[in-house]
Amino acid sequence: MSEAAEIMSAEHIARRYFGAAISEATAAGYDSDTLARYMLGLVVAKYLENRPVDDVRAELMFVAENCDPDTDYVFMRP
């Protein structure tokens, strides 16, 4: 399986389970922000099992600095 196929497959799995978790949390009376906060904590804990703190911090900073969906980035232009 190619790396691109593996990435898409992993993304598909993550989206499916995250969607199911959102549905389950909503049915239990929790909002999606609460669930997302707990999921983020679990992701960070998982990262820290195999990655140094500075690497995890850099990953989170990259996501935080690039989370505006309306921002046009130079590397995305043709």
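The values are calculated or read from the model by the stated rules, or taken from the named source; none is laboratory data. Just so we're clear, the structure is a prediction, and the values are computed from it rather than from any experiment. Neighbour counts run over all protein chains shown; Cβ positions are idealised from the backbone, glycine included. Keep in mind that these areas ignore ligands, DNA and RNA; they rest on the heavy atoms of the full protein, side chains included. Shrake-Rupley method; radii C 1.70, N 1.55, O 1.52, S 1.80 Å.
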Looking at ALA27, ALA36, ALA45, can you tell me which residue is modelled with pLDDT of 95 or more, among the hydrophobic types (A, V, I, L, M, F, W, C) and surrounded by fewer than 10 Cβ atoms within 10 Å (Cβ to Cβ)? ALA27
Test: PHE18 is touching a residue at least 12 places away in the same chain (Cβ under 8 Å) and either open to solvent by 70 Å² or more (accessible area, probe 1.4 Å) or in a helix (DSSP H, G or I) (or both): yes
